[in-house]
Amino acid sequence: MNFFKVGIAISVAILANWSVLANAEDERTGRYQELIEQSKTESGLIVYSNMPDWMWKPFRNLLSERYPWVRLQTTDLGGELWERYYAEASANTRTADIITTGAPDRWLDFADRGEVLAYQSIEDPHLPEWSRPKPGLYTLAVNPAIIIWNRFQVKTPPKTLVALAAMARETPEILKGKITTYDAAASPFGVAMFATWLQGEGNNWETLKPIGLLARPETGAGAMRDKTASGEYSIGFFAASAGIPKLEEPAMKQLVGYDYIYDGTPVSLQGIAVTKHAASPNTAKIVMDLMLSRQGQIAFAQGGFTAYRDDVDQADVPYPTLGTVRQKVGEKNILFNSYDRGQIRSWPAVTKAWRAVFGRP
């Protein structure tokens, strides 16, 4: 065998592959630069979200550095954002270019209606499979549920709902009306949290019965936090970790402690997509890419969300990453509130069982 000729052949093949890859990269870079240039001709960006403005601030700073011509307008809306979008789209008036919110059931309906623009983000190869459930639908960040407690009323906080149930059985006279959680009969997010926790190994309604006898549910995490701080509640569970920045404020930190739930931490996904009726589609694409990038993840983590990309280290962000949460509670106790249609179809049955356990008509 002529090894010299073989070596030349291999070298030629490698160079050819490199050339193909380089041309593909040049082509991709060129196409992306076209998106950026086209964005400069568009009229700003409208994002419908369920996020308060303070959560956007770090990303706004990043956006102004990267794409200073983009005028970003955001909303802080609940479930009404979907109907608002549908009404505006049907009337051919300006509506959201991007939507980012939770609610996997509403996202599935949105995708089924063909309202998600099937854009493949340039960040797609760097994102875990579970975070991109449908073409064009991605995950901005995650939101692991936490347990909170009043530091003056609870000296040994429970790490699990099993432990909380034991406390409820042992001291019902102390905890009567002093435990709070989401009202699953009034809050879709609440029923999703319970349905997700029940997916955990060994988790069941029997565990929750002693808790349900004493609990006073709320419809929002803010009320849970503030009433726990005031002492109206001693313990709350399934609160949103997106509120951790508020819990870390010096005055609040003296009053309220928090941790993840070691027998099942429900993790909600903050979905994000460019909409079919986007008036600024090129701007929407490049801004969503920035949101999903490592730098974007860090910015939103600074705003309170939980970063999930593997290349975001704990040292990069002020609050726990998903990797850190996973290390704390264990892989089996990371329970995603996912886009599984079977789990979503279970919600009415979960709501019915919740009413019985928590004594709500």
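Annotation for segment 255-293 versus segment 60-79: alpha-carbon center distance of 14 Å. Rounding to the nearest 10 and keeping the result within 0 to 90°, find how far the Cα-based axis of helix 221-230 lies from the longest principal axis of the chain. In the chain, helix 221-230 runs at an angle near 40 degrees to the longest axis. As a calculated quantity, the FRET efficiency between E201 and Y86 at R0 = 41 Å, using C-beta atoms, amounts to about 0.55. Overall, the chain carries a charge dipole of about 820 debye about its Cα centre when +1 sits on the Cβ of Lys and Arg and -1 on the Cβ of Asp and Glu, all other atoms neutral.
Rounded to the nearest Hz, the phi-derived 3J(HN,Hα) couplings of segment 244-254 under the Karplus curve 6.51 cos²θ - 1.76 cosθ + 1.60 (θ = phi - 60°) are 4, x, 5, 5, 8, 5, x, 5, 5, 5, 5, where x marks glycine and proline.
Among residues other than Y262 with Cβ under 15 Å from its Cβ, the summed charge is 0 (Lys and Arg +1, Asp and Glu -1). Mean residue ellipticity at 222 nm, helices only, the chain: -14000 deg cm²/dmol; runs of at least 4 DSSP H residues each add -39,500 (n - 2.57), and the sum is divided by the number of residues.
Could you compute the FRET efficiency for I36 and D311, with r as their C-beta to C-beta distance and R0 at 22 Å, rounded to 0.05? E between I36 and D311, to the nearest 0.05, is 0.45.
Normalising the average separation of contacting C-alpha pairs (under 8 angstrom, six or more residues apart) by the number of residues puts the relative contact order of the chain at 26 percent.
On the basis of the beta-carbon distance and an R0 of 25 Å, R345 and A118 show a calculated FRET efficiency of 0.50. Please report the relative contact order for segment 92-205, taking Cα pairs under 8 Å with a sequence separation of at least 6, and give it as a percent rounded to a whole number. Reported relative contact order: 14 percent.
Shape class for the chain: prolate, because the ratio a/c of the largest to smallest gyration tensor axis (alpha-carbon atoms, square roots of eigenvalues) is 1.5 or more and a/b beats b/c. Since only I272, P210, G304 are under comparison, the one whose Cα sits farthest along the positive direction of the charge dipole of the chain, derived from C-beta charges on Lys, Arg, Asp and Glu, is P210.
For the pair segment 131-201 and segment 299-344, the centres of their Cα atoms are 16 angstrom apart. Phi angles across segment 332-339 convert, under the Karplus curve 6.51 cos²θ - 1.76 cosθ + 1.60 with θ = phi - 60°, into 3J(HN,Hα) values of 5, 9, 8, 10, 7, 7, 8, 8 Hz, Gly and Pro given as x. Model label points for E232 and W54, set 7 angstrom from Cα along the Cα-to-Cβ axis, are 1.9 nm apart. Annotation: for a label point projected 7 angstrom from Cα along Cα→Cβ of L213, residues of segment 320-361 with backbone N closer than 13 Å are 357-359.
Of all DSSP-defined beta bridges confined to the chain, some 65% are antiparallel rather than parallel. Close amide H pairs (under 5 Å, H built 1.01 Å from N) link R151 with V256, G257, residues at least 5 positions away or on another chain.
Just so you know, all these numbers are worked out from the coordinates, no wet-lab data involved. Values in this document were obtained by computation on a predicted structure and should not be read as measured data. Please note: Cβ atoms are built from the backbone with ideal geometry, for glycine as well, and neighbour counts cover all protein chains shown.
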